[in-house]
Structures are given as C-alpha cells and as structure tokens.
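K.L.:
Please read through the structure below; I'll follow up with questions.
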Amino acid sequence: MGYGATYKLNQRILWKSFLQCTFALSFSSGGLLSGRVVSELSPLMALHHWIVALYPVVLTVRGDVAGVFTGNLTTMLNVGKVKASWRGNNVDFYSLIRVSILLAYIDASLVGLLAFFVNLIFGQVSVESMSQFMSSSLFTCVLATLISLPLNCYVAFLSFNRGLDPDVIAYPVVGILNDFLVSLCFSVSVSMILSGQILLVFIVALFLIVIPLFILITWYYRVDRFVKIYSTVVKEAVPVGFVCSFDGVINGLLLASFIENIVHHSEILMIYPVLLNAIGGVGSSFGSVATTKLALGYLDSKISSVRVMFNEFFGMLFSGIFMGLVYSVLGYGLAYLTGLTPMLLNMIILCILVMFIGSMVIMIGSYVIGINAYNMGWDPDNFVIPLETSIADLFGAMLVIFVSLVVYP
C-alpha cells in the first residue's frame, strides 16, 4: 500500500487535504447568493407548501446528476481514460455528457411525481398542485443541467491541468454553481406559476424536453448504445437517483412541517443551501479520493482500510469546521446588508455545529458506500456522490432544523 496501513500522522497529506478542501469549499460561500434568492420566497413558502416541499427535491436531482457526471469525469481524468479537453475527446466523454442530460429528464419526472404524491398523502398539498410540481421540476432541473454541464467540465479540466486533484476540487465548486442555477431557475418558475403563467412554464418545459430528447435518441441509436459507460450509468444511476429522491421528499416534508418556525428567521433559509452543499462537498471529496485510490490499487476494498485515509479525513474535517465559521460571518454580512436582522452568535453556533457533525458523518458514509459498491462489482462513481449528496441533504436538513430550533429563541 502506497499510503501505509496504520493511523500515522502525515502533515503533508493532512495539510494538502485541508488546503485543497478549503479552497474548494470557499466557492460554497457563493451559495449564500442562491440562499438569499430562495429566502425571498420564505413568505410564499408559508402560504404555498408545494414550494418548500419541492425545493429540496430539485436540489436532490442536482446532486444526483452532477454527482454522477463529476464523479465519473474526475476518475476518468485521473486514470487517463479521457483528456482534459472539451474538443477532440473520446467517445466515453461525450457519451457521459449525453447520458447525464438523459438522467436529468428521468430524475426530474420521477421526483416531481413522487414529491407530489407523498405530500398529497400527508396533506401538505392538494390535487391541483400536480401541474405545479411537474412543470416546476422539469423547468428547473433540465434547464439547470443544460447550463451547468459545460461549467462542470471547465472546473474539472482547469483543476486537473493546474496540478490540483479534481476529485477534491470539482464537485464542491460545481455543486455551488449548480445550487445557484437550481435556485434561480426554481425561483423563476415559482414566480411565473404564482403569477398565473403556469402554461408558459409548462410550454417551456416541454420545449426543453422535445428538442434535446430528440437529439439524445438520435445519438443513442448512432453511438451510445454501443458505449459501456452509457448503459452502466442508466442501469446503475437511475435506480440510485430514484432512491435518493426519497431523501429529497422527506427533506421537503420536514421543511414544510417546520416552515412556520423557520420563516421568522430568513437567514436560516439563506444559509441552508450553503451548509447542505458544503457537507456534501466534504463527503464527495473524501469519497472521490477513496474511489480513485480503489481504481489505482492504493486502497484495499475493506471498511477497515479507512485508516489509510486518516490524514485526508482529519484534513477535510478541520476544513469543514473552519469554513463553517467563514460561512456564518459572510452570511451575517450579506443578511445585514440586504435588509435582514440576523444574529451573529446564533449563526456561528449553527454553522460550526452543522459542519462538524455533518462532515464527519457524511465522510464515513461516503467511504462505506464506495467500498460496498466496489465489492459488489458496481462502478463506485455512479453511487458514492449521488448517495452521499442525497444523505447529506437529508441529514443536513435535519441538523439545520434541529440546531436552529435549539439555538434560535
């Protein structure tokens, strides 16, 4: 084993993990903007529960699609299966892009229906809300995916070409870009629907479906049905996405149930997507490093081999705690400057506790998922980031709600 088999402190690896993870998580502070966008909807969330019920669900689709794409891309870059270039790349790269877009269609449709029926059963919405769930879900997820995939490629290529580890850098950076795009598209769809333009949203959603879907079908019969990564992602990532959607739905139910308590402190909704993205970012970085080590033979496929990654674990954990402090201070400043009345000490306690507990739990979870997927003969990149991001969203939401109820009077 290239990294040893004991709990041995290596300051170089620990410091490198801390710095790279901190650099990646620093981009999550941009999520304060998406959180601020969504916090403007907080009065509407108390009146229209379908809004708060659907928002975590579309974030889950973000984690599924971006996770599968980024996890596969960074591993293929590290093992030399694709080039760090948009042009002149091989068939695996372009098939990965097309299957990721297909995954967005499938996930958006599934989670829209699932979220509607579950919330209908629990009495959070009425039958008339089905069109709102479906149109907003398709509009948000598909449009955000079409915009974000080129950005995902750019970040992965740039980090790889600069000598950084794309496994550590890529997902935390693109995750916050995706959060902003999802939040923006979601806010636009909600505004259009509540202003009586639901037909326009539905037409745009259909337009986004018909043309790209026709292109996807054409390429499938010409090329993609013969490409292994395409069929592998469809067979493995679609079921995982459906399972992950349950976490998003439960997350939405939790928020809908406690929205009356949270809506009085809009800064909680503002910091909410940042914390969830950051927890998922720490977990995805740790999980991606583990799957790459598995692919290169540097790590035994045993749960006990986590000791090999002792330094990476604590480097990323310290990074998460530090960034929790940074998020709280930046969040306080943005909230104050934009007309809110936040409480600094409460925000600091909330962010540090959520980042400490959440990062530790999700890193362990992502490692266990990766090892088990590898031992079952599955591609860990199709499981680790989507599952750990979904778990991070659910666990993070529970942490934010629980800690905020304790910290805020």
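K.L.:
Which residue is modelled with the lowest pLDDT, if the candidates are limited to the range 344-402 and must be of a type in the set (Gly, Ala, Ser) and more than 20 Å from Gly297 (Cα to Cα)?
P.N.:
As a first pass, look at the range 344-402 and keep what is of a type in the set (Gly, Ala, Ser): 358-359, 365-366, 370, 373, 377, 390, 392, 396-397.
Checking which are more than 20 Å from Gly297 (Cα to Cα) leaves us with 358-359, 365, 390, 392, 396-397.
Details: Gly358: 94, Ser359: 93, Gly365: 88, Ser390: 75, Ala392: 83, Gly396: 89, Ala397: 86.
Restricting to residues being of a type in the set (Gly, Ala, Ser) and more than 20 Å from Gly297 (Cα to Cα), the top hit is Ser390.
K.L.:
Also, I was wondering about something else. So which of Asn72, Asn119 ends up being crowded, with 17+ Cβ neighbours inside 10 Å, assigned to a helix (DSSP H, G or I), touching a His at 6+ places or on another chain (Cβ under 8 Å) and not aromatic (Phe, Trp, Tyr)? Spell out the reasoning first.
P.N.:
Values: Asn72 fails: touching a His at 6+ places or on another chain (Cβ under 8 Å).
Just one listed residue meets the conditions, Asn119.
K.L.:
Something else now. Of the residues that sit in the range 178-190 and are surrounded by fewer than 24 Cβ atoms within 10 Å (Cβ to Cβ) and touching a Ser or Thr at 6+ places or on another chain (Cβ under 6 Å), which one is modelled with the lowest pLDDT?
P.N.:
Among those that are surrounded by fewer than 24 Cβ atoms within 10 Å (Cβ to Cβ) and touching a Ser or Thr at 6+ places or on another chain (Cβ under 6 Å), it is Phe180.
K.L.:
Return only the number of the condition from (1) surrounded by 23 or more Cβ atoms within 10 Å (Cβ to Cβ); (2) of a type in the set (Val, Ile, Thr); (3) more than 30 Å from Thr218 (Cα to Cα) that Val37 does not satisfy.
P.N.:
Tallying (1) surrounded by 23 or more Cβ atoms within 10 Å (Cβ to Cβ); (2) of a type in the set (Val, Ile, Thr); (3) more than 30 Å from Thr218 (Cα to Cα), Val37 fails exactly one: (1).
K.L.:
Where the second residue is modelled with pLDDT of 75 or more and not hydroxyl-bearing (Ser, Thr, Tyr) and the first is more than 19 Å from Ser109 (Cα to Cα) and surrounded by 14 or more Cβ atoms within 10 Å (Cβ to Cβ) and lies in the range 209-220, which pairs have Cβ atoms under 7 Å and are six or more apart or on separate chains?
P.N.:
Trp219/Arg98
K.L.:
Identify the single condition in (1) part of a helix (DSSP H, G or I); (2) modelled with pLDDT under 85; (3) out of contact with any Ser or Thr (no Cβ under 7 Å at 6 or more places or on another chain) that Leu164 does not satisfy, given that it satisfies every other one.
P.N.:
That leaves (1) as the condition not met.
K.L.:
Also, quick follow-up: Give the range 70-81 a look and list any residue that's among the β-branched types (Val, Ile, Thr), at pLDDT 85 or above and over 15 Å from Val155 (Cβ atoms), or say none.
P.N.:
Answer for the range 70-81, where residues must be among the β-branched types (Val, Ile, Thr), at pLDDT 85 or above and over 15 Å from Val155 (Cβ atoms): there is none.
K.L.:
Those residues that are modelled with pLDDT of 85 or more, surrounded by fewer than 22 Cβ atoms within 10 Å (Cβ to Cβ) and of a type in the set (A, V, I, L, M), I need them from the range 310-342; list them, please.
P.N.:
Leu317, Ile321, Leu325, Val326, Val329, Leu330, Leu334, Leu337
K.L.:
Here are some residues: Gly358, Gly396. Which one is within 20 Å of Phe314 (Cβ to Cβ) and of a type outside the set (A, V, I, L, M, F, W, C)?
P.N.:
Every option except Gly358 fails the conditions.
K.L.:
Suppose we filter Leu325, Leu340, Leu330 for residues that are farther than 16 Å from Ile364 by Cβ and over 23 Å from the mean Cα position of the chain (by Cα); which single one remains?
P.N.:
Every option except Leu340 fails the conditions.
The values are calculated or read from the model by the stated rules, or taken from the named source; none is laboratory data. Note that the structure is a prediction, hence the values are computed from the model and not measured. So basically every Cβ, Gly included, is an ideal-geometry build from the backbone, and we count neighbours across all protein chains shown.
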